[in-house]
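Undergrad: The structure under discussion is supplied below as structure tokens; questions concerning it will follow.
The values are calculated or read from the model by the stated rules, or taken from the named source; none is laboratory data. Keep in mind the model is a prediction, meaning the values are calculated, not measured. Positions of Cβ are backbone-derived with ideal geometry, glycine not excepted, and every protein chain shown enters the neighbour counts. Heads up: the accessible areas ignore ligands, DNA and RNA and are worked out on the full protein's heavy atoms, side chains in. Shrake-Rupley method; radii C 1.70, N 1.55, O 1.52, S 1.80 Å.
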Amino acid sequence: MLDFCKIQNFTKAGEPDSVRCDTEQQLKQRGCEKDTIFPKSFVIPDFSRPSSENKQIYPHKVDLQLRPEQPATFNVTFRRGEDYPIDLYYLMDLSYSMKDDLQNVKNLGKNLLQALNTITRKARIGFGAFVDKTVLPFVNTHPEKLQNPCPIKETKCQPPFAYRHVLSLTENAAQFSEEVGKQDISGNLDAPEGGLDAMMQAAVCGSKIGWDNVTRLLVYATDDGFHFAGDGKLGAILTPYDGECHLEENMYKKSNQYDYPSVGQLVQKLEEHNIQPIFAVTSKVVDTYQKLSKMIPKSAVGELRNDSSNIIQLIQDAYNNLSSKIILDHGSLPDFIKITYNSFCPNKIHTKDKLRGECDNVKINDEKSAQFLIFVQIVFQVKITATKCFDNQTTLVIRPLGFTDSLTVNMRSRCNCECDEQQSESSDCSGNGKIDCGICRCNPGFTGKDCNCTIGDKSRKEMEKSCRKDNAAVICSGLGDCVCGQCVCHTSDDLKKKIYGDFCECDNMNCELHNGRLCGGEGE
């Protein structure tokens, strides 16, 4: 990397200012011992007022100029927005073992919205259901069983299906109860269900579900495990899931064409769409879903009673758990960018140099009046380092997981030799300019190394005319600078070579050599 020498008279006659840029060792050899400047990385945060009044992360944009191996550090502040809206989508397993649960869920709408309204005045609820892929060995494909898969014929039972979107997100509790009330139980053969198919479609089909830019909760209610990528081979389904939305008439009709999604795919899509799953599961599969939850940064598991009678309390507890954990993370990084986080948590548990920012057990403190809440402010310190120079601007998005707010970081490489010093008030430039990084910046009407040349009303082209031999296009034969209408020839790196002439058109190195010496060593 190059340093910059800011000594005022560092350059010799004929030397361009570019010689100020060199390695520290070379500059010291030339006499620039102390007055060197090493350009550093710097940060320009944008604290302008965001369009949304309920912004939870500040600043919302940062510009970085990165010097290789010189970290740029800035703070990101997170504060939970007051009365932040919630969208909750209830995704229910309708296999036969969930029969008792369905009866309780049909009466859930009003109580669920009331519970959410204790958290926020702006809440919406939606509903979807799933069973499994409709091929063997997942369901019985006998025509009679495809019409009524329940073990007891007298039971009112709907045909099996992979996933059905029943109700888009709404504030209407009565509509929720009405639509869920129309649902009948169904059935399948094997114990694991097709829940990952359903979760994936609920995540990627945002416009159909109706997700808004708010806190997004997906409640997944079941009493059994789940199929995942590879299980589709049991039913001769070999095509990997493509990560796209395939809802037709609110049904996942291509479930028999695509394999189940992998856990990795699910985690990626949930993070991408800022969806926080709450696994409401019975005791026998709690351990299974706790293991799954560990792979999903913002997720929670609650034990569901066999008839789902505790679902309201479960959702409230899970939401409080999710809200108490704040995770600041980023998108994909190019291999030449490194990022670490220091977390300064309100519970005085601080972490440093982690791959993401994280504060747990963040509580909401009550003021004297219970009508008001203080949302704790959290500060994360972000350190970004470039390991090498890079050409084009690189953009990185940092966001708190589970929230739609984000911070955009624009990064540019700073590899040129530059001077960061502010312009000096000194006027040692013949009184006609000011020193900037050791170089005279002349006032209008003056030019020259020391601003001692008066050009008056003449233009630059007029001054340069007298520095062009025979009106050539090149100034001073390309070997000098035009200073005050006269050529000042450059000095050569070769100490034996001298460039001279009115237009720097001559040098002492073009004479014939004899015995390897100019002019046989007897002249110049």
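Undergrad: Output the residues belonging to segment 455-486 that are in contact (Cβ under 8 Å) with a residue 60 or more places away in the chain and of a type outside the set (D, E, K, R).
TA: G480, the sole residue that qualifies.
Undergrad: If you don't mind, there's one more thing I want to ask. For residues that are within 19 Å of A203 (Cα to Cα) and out of contact with any helix residue (DSSP H, G or I) (no Cβ under 8 Å at 6 or more places or on another chain), scanning just segment 219-255, find the one that is least open to solvent (accessible area, probe 1.4 Å). Please lay out each step first, then the result.
TA: Let us first name the residues in segment 219-255 that are within 19 Å of A203 (Cα to Cα), namely 219-222, 226-229, 240-255.
After this cut, where a residue has to be out of contact with any helix residue (DSSP H, G or I) (no Cβ under 8 Å at 6 or more places or on another chain) as well, the list is 240, 242, 248-249, 251, 253-254.
On the way: P240: 94, D242: 65, E248: 78, E249: 152, M251: 44, K253: 101, K254: 61 Å².
Filtering first and then ranking leaves M251.
Undergrad: If you go through segment 130-149 one residue at a time, do you hit one that is part of a helix (DSSP H, G or I), open to solvent by less than 60 Å² (accessible area, probe 1.4 Å) and farther than 24 Å from A300 by Cβ?
TA: From segment 130-149, those part of a helix (DSSP H, G or I) are 143-147; that's our starting set.
In the following step, the residues that additionally are open to solvent by less than 60 Å² (accessible area, probe 1.4 Å) were identified as 146.
Pick out the ones that are also farther than 24 Å from A300 by Cβ and you get 146.
Yes, the conditions are met somewhere in segment 130-149.
Undergrad: Continuing with this model, one more query. Out of everything in segment 307-342 that is over 24 Å from T394 (Cβ atoms), of a type in the set (S, T, N, Q) and at pLDDT 90 or above, what residue ends up being farthest from the chain's Cα centre (by Cα)? Reasoning before the result, please.
TA: Going through segment 307-342, the residues over 24 Å from T394 (Cβ atoms) turn out to be 307-326.
Filter again for of a type in the set (S, T, N, Q), leaving 308-310, 313, 316, 320-321, 323-324.
Now narrow it down to the ones that are at pLDDT 90 or above: 310, 313, 316.
Values: N310: 38, Q313: 34, Q316: 30 Å.
Here the residue is N310.
Undergrad: If you don't mind, another one. Out of all the residues in segment 58-71, is one or more among the aliphatic types (A, V, I, L, M) and loosely packed, with under 15 Cβ neighbours inside 10 Å? Don't jump to the end; show me each part of the working.
TA: Start the filter on segment 58-71 by keeping residues that are among the aliphatic types (A, V, I, L, M), which leaves 62, 64, 66.
Subset that is loosely packed, with under 15 Cβ neighbours inside 10 Å: none.
No: zero hits.
Undergrad: Count, please, the residues in segment 390-427 that happen to be within 30 Å of Q8 (Cα to Cα) and either at pLDDT below 90 or under 11 Å from the mean Cα position of the chain (by Cα) (or both).
TA: Summing the residues that are within 30 Å of Q8 (Cα to Cα) and either at pLDDT below 90 or under 11 Å from the mean Cα position of the chain (by Cα) (or both) in segment 390-427 gives 14.
Undergrad: Okay, next question. Taking segment 21-39, which residues are modelled with pLDDT of 80 or more and under 29 Å from M411 (Cα atoms)? Steps first, answer last, please.
TA: So the first thing to find is which residues in segment 21-39 are modelled with pLDDT of 80 or more, and the list is 21-22, 25-32.
Matches in segment 21-39: C21, D22.
Undergrad: So, in segment 306-322, exactly how many residues are in contact (Cβ under 8 Å) with a residue 24 or more places away in the chain, over 16 Å from L91 (Cα atoms) and acidic (D, E)?
TA: Result for segment 306-322: 0.
Undergrad: Suppose we filter segment 380-403 for residues that are buried (at least 18 other Cβ atoms within 10 Å of the Cβ) and either in a strand (DSSP E or B) or among the aromatic types (F, W, Y) (or both); how many remain? Quick ask: steps written out before the conclusion?
TA: Within segment 380-403, the first condition is being buried (at least 18 other Cβ atoms within 10 Å of the Cβ), and the residues that meet it are 380, 382, 384-386, 394, 396, 398-403.
From what's left, either in a strand (DSSP E or B) or among the aromatic types (F, W, Y) (or both): 380, 382, 384-386, 394, 396, 398-400, 403.
Going through segment 380-403 one residue at a time, the tally reaches 11.
Undergrad: If I filter segment 190-207 for residues that are outside any helix (DSSP H, G or I), at pLDDT below 95 and out of contact with any strand residue (DSSP E or B) (no Cβ under 6 Å at 6 or more places or on another chain), do I get at least one hit?
TA: yes
Undergrad: Which members of segment 340-363 meet the condition of being of a type outside the set (D, E, K, R), buried (at least 17 other Cβ atoms within 10 Å of the Cβ) and in contact with a Lys or Arg (Cβ under 9 Å, 6 or more places away or on another chain)?
TA: Hits for segment 340-363 are T340, Y341, N342, S343, C359, V362.
This table checks each residue for (1) under 49 Å from the mean Cα position of the chain (by Cα); (2) open to solvent by 70 Å² or more (accessible area, probe 1.4 Å).
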| position | (1), (2) |
| --- | --- |
| D450 | yes, no |
| S477 | no, no |
| D481 | yes, no |
| K496 | no, yes |
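Undergrad: Right, something else. Tally the residues that are in contact (Cβ under 8 Å) with a residue 60 or more places away in the chain and more than 22 Å from Q56 (Cα to Cα), restricting the search to segment 323-358. Explain how you work it out, then say what you get.
TA: The initial filter retains those residues of segment 323-358 that are in contact (Cβ under 8 Å) with a residue 60 or more places away in the chain, namely 323, 326-331, 333-334, 337, 357.
Imposing the further condition that a residue be more than 22 Å from Q56 (Cα to Cα) reduces the set to 333-334, 337.
Of the residues in that region, 3 qualify.
Undergrad: Does at least one position in segment 195-218 carry a residue that is surrounded by 15 or more Cβ atoms within 10 Å (Cβ to Cβ), without any contact (Cβ under 8 Å) to a residue 24 or more places away in the chain and farther than 26 Å from V301 by Cα?
TA: Taking every residue of segment 195-218 in turn, none turns out to be surrounded by 15 or more Cβ atoms within 10 Å (Cβ to Cβ), without any contact (Cβ under 8 Å) to a residue 24 or more places away in the chain and farther than 26 Å from V301 by Cα.
Undergrad: Return a yes/no flag: does segment 79-97 have any residue that is surrounded by fewer than 17 Cβ atoms within 10 Å (Cβ to Cβ), part of a strand (DSSP E or B) and not aromatic (F, W, Y).
TA: The answer is yes; a qualifying residue exists.
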